1. Yes or no: Glu596 in contact (Cβ under 8 Å) with a residue 12 or more places away in the chain and in a loop (DSSP other than H, G, I, E, B)?
2. Give the residue that is modelled with the highest pLDDT, with candidates limited to residues of region 44-74 that are acidic (Asp, Glu) and assigned to a helix (DSSP H, G or I).
3. I need a count of the residues in region 508-534 that are surrounded by 16 or more Cβ atoms within 10 Å (Cβ to Cβ) and either of a type in the set (Lys, Arg) or not assigned by TED's automatic domain parsing to the domain that holds Glu493 (or both).
4. Among the residues of region 626-647, write down those that are at pLDDT below 95, more than 30 Å from Ala688 (Cα to Cα) and of a type in the set (Asp, Glu).
5. Just to be sure I understand the filter: pairs with C-beta atoms under 7 Å, separated by 6 or more residues or on different chains, first member in region 150-161 and over 13 Å from Arg325 (Cα atoms), second member acidic (Asp, Glu). Which pairs pass?
6. Going by what's in this entry, would Pro275 be described as out of contact with any Cys (no Cβ under 7 Å at 6 or more places or on another chain), without any contact (Cβ under 8 Å) to a residue 40 or more places away in the chain and over 30 Å from Lys385 (Cα atoms)?
7. Filter region 524-564 for residues that are among the aliphatic types (A, V, I, L, M) and in a helix (DSSP H, G or I) and give the result.
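The values are calculated or read from the model by the stated rules, or taken from the named source; none is laboratory data. In this text the structure is predicted, and so the values were computed from the model without any measurement. Using ideal geometry, Cβ is built from the backbone for each residue, glycine included, and neighbour counts are taken over all protein chains shown.
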Amino acid sequence: MAKAPIKTDKTPVDLLTAKQAAAEYARLQGEIAGHDKRYYQQDAPVISDADYDELRKRYNAIEARFPDLRTFESLSLKVGAAPTGRFKKVRHVVRMLSLDNAFAEQDVVDFVGRIRRFLNLSETEKITFSAEPKIDGLSMSLRYEDGELVTAATRGDGEEGEDVTANIKTLKQSEVPHRLKGKHIPKVTEVRGEVYMTKGDFLKLNERQKAAGEQIFANPRNSAAGSLRQKDPSITASRPLGFFAYAWGDMTDMPADSQSGMIEWFEHCGFKTNPLTKICHSVEELIAFHRKIGEERAKLDYDIDGVVYKVDRLDWQERLGFVSRTPRWAIAHKFPAERATTILNDIEIQVGRTGSLTPVGKLEPVGVGGVIVSNVTLHNEDYIKGIGGDGEALREGRDIRIGDTVIVQRAGDVIPQIVDVLIDKRPKSAKVYHFPKKCPCPLKTDVVREATSAGEEGARNRCTGEFACPFQKIQHLILFASRRAFDIEGLGEKQIELFYENGWVKEPGDIFTLKARNAKIKLEDVEGYGETSVRNLFNAIDERREISLERFIFALGIRQVGETTALALARGYGSWKAFHDAALKVAKGDAETIAEMDALDQIGETVIAAVAAYFGESHNKGIVERLTREVKILDAEKPKTDSKIAGKTVVFTGSLEKMTRDEAKATAERLGAKAAGSVSKKTDYLVAGPGAGSKLAEAKKHGVQVLTEDEWLKLIG
């Protein structure tokens with residue numbers, strides 16, 4: 001199960017103290033190293049390139065401001081991740097380095113300015129650049145001796161890569177020649193470039209994988225990397241891989257004196273090079289080329305995530321040299337969040353845990369942000385009609401119809417969304433979508449329209465079937481086993497759907513009796529399982545027979561009771577017995593118990609009504625009773641009531657020097673206070689460090705007592 005990214009401090013780098021910077025630097029180093037391993041070794045990234053770039057930018061900024069933090073283990077000295085160990089290691093004679101990134105046009109201006117200053121060039125002296133699309137694939141180094149291919153190695157950590165020679169030799173010779181063409185070939189020639197897969201071939205591969213019940217790849221880059229890292233070269237041979245040459249490593253002699261000249265030489269040797277590569281002579285030309293490629297990006301049959309600029313003269317490249325892991329003479333100008341145009345083929349309904357009906361758009365597959373997108377959320381009935389949560393017009397009031405040409409955006413690691421509809425391309429056959437009045441489940445129960453809480457995407461349509469609806473039952477089970485609830489390793493969405501459909505697990509308590517019933521089920525005989533995997537699953541279930549009270553309450557799947565509310569209820573009642581007794585009384589309408597629950601912090605009428613509805617249903621009470629026989633529910637950690645801040649509401653703002661913001665909040669809660677995120681009339685203390693802004697002004701407006709960090713520490717002892 002993939003770990004969620006570590007939460008990092010969002011304090012601006014220039015406001016960090018030395019202590020805060022050291023802690024943040026260490027956290028970032030661990031998080032980035034983990035992402036490098038998932039990307040370079042496992043071909044299974046869990047965040048977008050844009051989010052990864054943001055982590056790197058912050059890490060580099062902290063290191064620049066606090067250079068004493070830098071050690072031999074610093075990521076600024078490393079590239080990629082160490083080889084996985086599945087293949088023989090190959091040490092690169094010339095390191096395979098990474099590139100610095102530019103995200104804004106001003107970054108490109110600064111890049112050219114640095115080169116001009118370093119080389120001591122006048123403003124009128126021209127610098128020639130080679131500009132090329134940045135292919136999103138797997139970096140590869142091909143070593144030729146006397147013109148014969150002898151070794152193919154991945155980048156690895158820049159120093160050592162993996163020997164994938166046998167696999168590379170299965171590629172067509174039009175992609176990777178086994179022998180270099182032409183005369184006057186250097187004795188040693190290392191050609192470097194990118195192994196990639198076209199979008200069309202990627203879709204066909206996934207169709208075959210799905211039909212065979214094999215792994216489905218997330219995007220062309222992952223499929224190319226996974227195809228190349230096969231122990232069996234015949235599998236690689238069955239995958240349609242390509243190769244673009246654009247750089248070199250160890251060379252006993254240089255056939256050209258410019259970057260563009262070397263690209264031409266690669267072509268003469270039998271390699272493919274990117275036909276969009278262009279020579280530019282100014283910042284303006286570089287930026288214009290970047291814009292042009294950005295406009296053509298969606299039409300290309302391979303993924304790119306930016307444009308690379310390189311100083312064309314090789315003697316200038318040599319003079320400019322390198323800064324740690326990146327060359328001074330090259331930079332990657334990344335693209336912003338990508339948009340693409342495609343067709344909406346259909347709209348389907350998904351039923352969530354609480355019965356909420358969510359429309360999902362089925363798209364003609366299109367590449368967006370390095371991922372092939374075929375599904376997109378349409379939020380709710382109003383969103384499709386062009387109506388916002390407050391009744392405002394969305395997309396200037398344009399509705400979404402089946403058959404429409406739509407603009408899709410995927411910014412960062414988020415669910416893709418439809419940004420707009422191209423009305424001028426709407427066909428006469430486009431169908432207005434009518435939201436269903438019946439749930440798509442086999443019971444066909446009625447659907448009701450409900451207003452939602454503030455901050456949600458407008459009114460929701462909800463199935464009234466509750467636990468009778470099989471879709472809702474499955475979603476409840478998925479939540480129950482999820483990381484934030486019981487966190488049962490090996491019991492994910494697919495496994496739960498399989499167990500439910502076969503009648504093995506119909507409610508949470510069934511999970512804990514699965515092992516006892518396995519003599520009849522014989523799970524080890526089911527395709528995809530074996531004795532080891534079954535044993536691991538049962539061990540994982542047994543490890544979760546003891547659980548904290550707040551996790552247990554959250555796992556029940558009560559509407560309106562998320563993690564924060566579950567924690568408030570757990571702390572308010574302290575034990576499962578106390579909460580359960582109160583919940584049953586609330587369900588019966590006991591006024592005194594309802595008043596007691598209402599008095600708890602963060603608990604209001606909506607939550608109380610949801611608790612009453614849940615525990616007022618006999619079916620739910622039976623589920624809870626059977627479940628509690630199987631697990632031990634730990635009492636909640638009781639907050640102190642004898643501290644000076646017990647029962648107080650505290651807000652932290654600005655930079656703290658003695659402890660991190662998270663540590664300060666945890667300390668306040670441990671001492672019985674509530675750590676809030678915003679200032680209001682109910683706030684008792686605002687702890688303000690350097691850089692405090694609007695919250696400080698708000699505190700003064702409401703007459704809230706403002707403390708420095710030292711005053712706060714003195715108050716809590």
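1. Values: in contact (Cβ under 8 Å) with a residue 12 or more places away in the chain: yes; in a loop (DSSP other than H, G, I, E, B): no.
Against the criterion (in contact (Cβ under 8 Å) with a residue 12 or more places away in the chain and in a loop (DSSP other than H, G, I, E, B)), Glu596 does not qualify.
2. First, pick out the residues of region 44-74 that are acidic (Asp, Glu): 49, 51, 53-54, 63, 68, 73.
Cutting the leftovers down to assigned to a helix (DSSP H, G or I) gives us 49, 51, 53-54, 63, 68.
Values: Asp49: 61, Asp51: 71, Asp53: 73, Glu54: 77, Glu63: 80, Asp68: 72.
Taking the candidates together, the pick is Glu63.
3. 1
4. Passing the criteria: only Asp635.
5. As it stands, the answer is Thr151/Asp163; Ala153/Glu162; Ala153/Asp163; Thr154/Glu162; Gly156/Glu162, since those pairs meet every condition given.
6. Against the criterion (out of contact with any Cys (no Cβ under 7 Å at 6 or more places or on another chain), without any contact (Cβ under 8 Å) to a residue 40 or more places away in the chain and over 30 Å from Lys385 (Cα atoms)), Pro275 qualifies.
7. Step one: filter region 524-564 for residues among the aliphatic types (A, V, I, L, M), giving 526, 534, 537, 540-541, 547, 549, 553, 555-556, 558, 561.
Hits for region 524-564 are Val534, Leu537, Ala540, Ile541, Leu549, Ile553, Ala555.
This table checks each residue for (1) more than 22 Å from Ile263 (Cβ to Cβ); (2) of a type in the set (D, E, K, R); (3) at pLDDT 85 or above.
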{"site": "Arg143", "(1), (2), (3)": "no, yes, yes"}
{"site": "Ser174", "(1), (2), (3)": "no, no, yes"}
{"site": "Tyr196", "(1), (2), (3)": "no, no, yes"}
{"site": "Gln209", "(1), (2), (3)": "yes, no, no"}
{"site": "Gln215", "(1), (2), (3)": "yes, no, no"}
{"site": "Pro220", "(1), (2), (3)": "yes, no, no"}
{"site": "Ser223", "(1), (2), (3)": "yes, no, no"}
{"site": "Leu241", "(1), (2), (3)": "no, no, yes"}
